[in-house]
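Visitor: This is the structure I want to talk about, given as structure tokens.
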Amino acid sequence: MLAYVRLVQSREKEMGVEVLTHQKWSGAPYMDGILGAIQSGSSSSKSMGEGNTEKDYVYA
């Protein structure tokens, strides 16, 4: 996994590849907003809240 991050994701980050941040790219924040509106702001199924993995695998 580390080799993938070093060889592939670091280059994708340099190039500004949108799918590198897959949750934002897939529309997760948009869907969280819809779920929040429907459920009065409280949702245990939010994908971008605490515990999401969006930043866990990005090579710095």
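The values are calculated or read from the model by the stated rules, or taken from the named source; none is laboratory data. Computed from a predicted model, the values in this text were never measured in an experiment. Glycine also receives a Cβ, built like all others from the backbone with ideal geometry; neighbour counts cover every protein chain displayed.
Visitor: Inspect all residues belonging to segment 35-52 and state whether any of them is at pLDDT 70 or above, surrounded by 13 or more Cβ atoms within 10 Å (Cβ to Cβ) and either assigned to a loop (DSSP other than H, G, I, E, B) or among the polar types (S, T, N, Q) (or both).
Guide: no
Visitor: I've got another one for you. Could you list, in sequence order, all residues of segment 11-23 that are surrounded by fewer than 15 Cβ atoms within 10 Å (Cβ to Cβ) and either in contact with a helix residue (DSSP H, G or I) (Cβ under 9 Å, 6 or more places away or on another chain) or of a type in the set (Gly, Ala, Ser) (or both)?
Guide: The answer is Gly16, Val17, Glu18, Val19, His22.
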